[in-house]
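K.L.:
Take this structure first; my questions come after.
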Amino acid sequence: MDSGIHLVGKAGTRERFSTFNPASGSPLTDYPVATEEDVFESVTQARQAQFWWSQIPVVRRSAVLRRLAQLLCAEKESLARVITSESGKPLQEALLNDVLVAADAAVFCAENVASVLRKEDIPHANPALRFKRGQLSWEPLGVIGIISPWNYPLSIPATDAFAALVTGNAVVLKPSELTPQTALELERIISAALDAEGLTNLPRPFQVVTGLGPTGQHLVASNIDKLIFTGSVATGRRVGVAAADRLLPVTLELGGKDAMVVLEDADLDIASSAAVWGSMMNAGQTCISVERCYVHRKIYSSFVTRCLEKISKLKIGDGSLPDTDLGPLISYGQLQIVSQQVEEARALGAIVHCGGTPLPHLGSNFYAPTLITDLENSMSIMNEETFGPVLPVMPFSSDDEAVSLANKSDFGLAASVWGATSHATSVARRIAAGAVLVNDLITGFAVSAAPHGGLKKSGIGRTHGRLGMQEMLRPCYLDVDLAPRMKKLWWYPYSRNFDPMAAFTELIHAPEWRTRLSAALRSLPAFFHPRR
Ligand code: NDP
């Protein structure tokens, strides 16, 4: 895919790449391509920082996170402008879906880390082990590598980084080559938060390495302790294979083909507004956007009519203008993927009610918001991630059929069901996805406490919420014997212990009390054998 990225030659020995505004096509800035040595150096620095960072009290790390939320709030408008300039999304989306989500995540991490890290006493059920005390604690993994995409260039890496940092890890982030400036702004703000909390002149626990795909490969191959990858299925699979080769634990947040199910008792006005927003926001380039819409046959044609009315009112243009609803796609390559899927469906008999065409007069990356019907499940537009401003709508006749259609997918990231609350909830429970929303969509991502992640090709593991923090930790079981001189029945010599051990097993698990009593007498001698 043409990313719009151009390597701009060498400054000294270092290769650089430049970024472009997706709306205007004008060049933005150029950045160094981090080499294998650069990545390893950043991981080494992060590891040094992790040493002091993991030793400071949790309350101090929480204070840094709270400060971060304040700094994100103070810089919300300038950050939104940077995000819009790199990603093309409307300013309001940059503000709410990136800056606000990131600030919320920082506060959530600060407020919940103490309970996530709380040690847990582990009871010993077996009487032979009653003189021991067990405790489960949660320890930071060390250095977490994060590889992130361009579509939510702040909220995705920030949410993952905050969960990693607050739990005592250091982070090395490789952002998308399309949105490096947002990542560098995050690095600057994290550094400012550390300074503001008096943690100056110390190695920084958050590092950014800019570059293209190979820089990501170097990060996977480096000495990190875990990788959190968010991106496409194709790259995720490659990353997963490379990680498996060195047994590196990974969390994979991959693509989606989310279904929206509109039941016959849904509020048509609300559901049609939701379908339009859910398929068009961020120009449809959201992993949990509406990619397939199934509508009950009884309300199907009025639903389509309402959606068409609402799509016709969308203002398309440069995301930095205040009244823009729909910006450009990230690149011409992405536009070609969308266009090919629509054209394939059209050639196979689908009806394109609006859109279905690029808008070159606005810029090379603009595509008209599209509503398409008369589809078959076998079409790529119903199977593969489209990642564009396209709303495909299909009718169904029964709840069972709707559930079957929604679940007939290689993906399982999120879904939504619309209808009377109890009816929609019962249908929602039958849908196989990481998150299913009833009478709402997409905003599950903005709930800091809610886990995010998918099934099947949509990935492995969870980010966000308490589960997201736990992904950054390793459980450690500590066991202390308070009576070390007590005879261990399971030690040598086996020759004299088998029968008493069999009796001991009966003592604990035989159903009859008489058997247990006799077993108690038979197991006693073992305690008086000399230790070997
Ligand atoms: P890509 O898979 O193209 O890239 C993701 C990241 O991986 C980028 O930083 C990219 O760097 C890097 N990368 C590329 N090649 C390699 C490699 N060989 N080894 C290591 N890293 C590499 O995804 P996009 O950036 O295009 O993002 C869009 C995709 O992300 C969509 O499929 C979307 O569904 C998914 N996504 C999933 C989310 C979820 O939570 N499940 C959330 C958001 C998006 P570079 O950009 O420099 O090539």
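The values are calculated or read from the model by the stated rules, or taken from the named source; none is laboratory data. Nothing here was measured: the structure is a model prediction, and the numbers come from that model. Cβ atoms come from the backbone with ideal geometry, glycine included; neighbour counts cover every protein chain shown.
K.L.:
Please find, within the stretch 240-260, the residue that is nearest to the ligand (Cβ to nearest atom) out of those that are crowded, with 19+ Cβ neighbours inside 10 Å and not in a strand (DSSP E or B).
P.N.:
Within the stretch 240-260, the first condition is being crowded, with 19+ Cβ neighbours inside 10 Å, and the residues that meet it are 240, 243, 248, 250-260.
Going one step further and asking which of them are not in a strand (DSSP E or B), we end up with 240, 243, 248, 254-257.
Working: GLY240: 10, ALA243: 10, LEU248: 12, LEU254: 5, GLY255: 4, GLY256: 6, LYS257: 9 Å.
Restricting to residues being crowded, with 19+ Cβ neighbours inside 10 Å and not in a strand (DSSP E or B), the top hit is GLY255.
K.L.:
If CYS287 meets every condition in (1) within 13 Å of the ligand (Cβ to nearest atom); (2) in contact with a helix residue (DSSP H, G or I) (Cβ under 8 Å, 6 or more places away or on another chain); (3) not basic (Lys, Arg) apart from one, which number is that one?
P.N.:
Going through (1) within 13 Å of the ligand (Cβ to nearest atom); (2) in contact with a helix residue (DSSP H, G or I) (Cβ under 8 Å, 6 or more places away or on another chain); (3) not basic (Lys, Arg) one by one, CYS287 breaks only (2).
K.L.:
Same structure, new question: When the stretch 23-44 is examined, which residues are found to be without any contact (Cβ under 8 Å) to a residue 60 or more places away in the chain, under 18 Å from GLY213 (Cβ atoms) and either assigned to a strand (DSSP E or B) or of a type in the set (S, T, N, Q) (or both)?
P.N.:
Of everything in the stretch 23-44, just one residue is without any contact (Cβ under 8 Å) to a residue 60 or more places away in the chain, under 18 Å from GLY213 (Cβ atoms) and either assigned to a strand (DSSP E or B) or of a type in the set (S, T, N, Q) (or both), namely ASP30.
K.L.:
Hey, can you tell me all the residues within the stretch 45-86 that are outside any helix (DSSP H, G or I) and not aliphatic (A, V, I, L, M)?
P.N.:
Step one: filter the stretch 45-86 for residues outside any helix (DSSP H, G or I), giving 56-57, 75.
PRO57, GLU75, listed by residue number.
K.L.:
Also, I was wondering about something else. Evaluate the stretch 92-110: report whether one residue or more is part of a strand (DSSP E or B), more than 28 Å from GLN45 (Cβ to Cβ) and away from the ligand (no atom under 16 Å from the Cβ). Before the answer, list the steps.
P.N.:
Our first condition is that a residue be part of a strand (DSSP E or B); within the stretch 92-110, this holds for none.
Within the stretch 92-110, not a single residue is part of a strand (DSSP E or B), more than 28 Å from GLN45 (Cβ to Cβ) and away from the ligand (no atom under 16 Å from the Cβ).
K.L.:
Considering the stretch 497-514 alone, what residues qualify as being assigned to a loop (DSSP other than H, G, I, E, B) and either among the β-branched types (Val, Ile, Thr) or modelled with pLDDT of 90 or more (or both)? Even if it seems obvious, please write down each step before you answer.
P.N.:
Of all residues in the stretch 497-514, those assigned to a loop (DSSP other than H, G, I, E, B) come to 497, 510-512.
Hits for the stretch 497-514 are ALA510, PRO511, GLU512.
K.L.:
When you scan the stretch 60-75, how many residues do you find that are without any contact (Cβ under 8 Å) to a residue 40 or more places away in the chain and either within 16 Å of LEU117 (Cα to Cα) or surrounded by 18 or more Cβ atoms within 10 Å (Cβ to Cβ) (or both)?
P.N.:
Adding up the residues that qualify gives 0.
K.L.:
Condition check: on the phi > 0 side of the Ramachandran plot and not aliphatic (A, V, I, L, M). Does HIS464 satisfy that?
P.N.:
Working: on the phi > 0 side of the Ramachandran plot: yes; not aliphatic (A, V, I, L, M): yes.
Here the answer is yes, as HIS464 does meet what is asked.
K.L.:
Checking SER404 against (1) touching a strand residue (DSSP E or B) at 6+ places or on another chain (Cβ under 7 Å); (2) more than 14 Å from the ligand (Cβ to nearest atom), which test does it fail?
P.N.:
(1)
K.L.:
Continuing with the same structure: Would you mention how many residues in the stretch 240-279 are in contact (Cβ under 8 Å) with a residue 40 or more places away in the chain, more than 24 Å from LEU467 (Cα to Cα) and among the acidic types (Asp, Glu)?
P.N.:
The number of residues fulfilling the criteria is 3.
K.L.:
Name the single residue that is surrounded by the fewest Cβ atoms within 10 Å (Cβ to Cβ) among those in the stretch 451-496 being at pLDDT 95 or above and of a type in the set (Gly, Ala, Ser).
P.N.:
Ranking the qualifying residues of the stretch 451-496, first place goes to GLY461.
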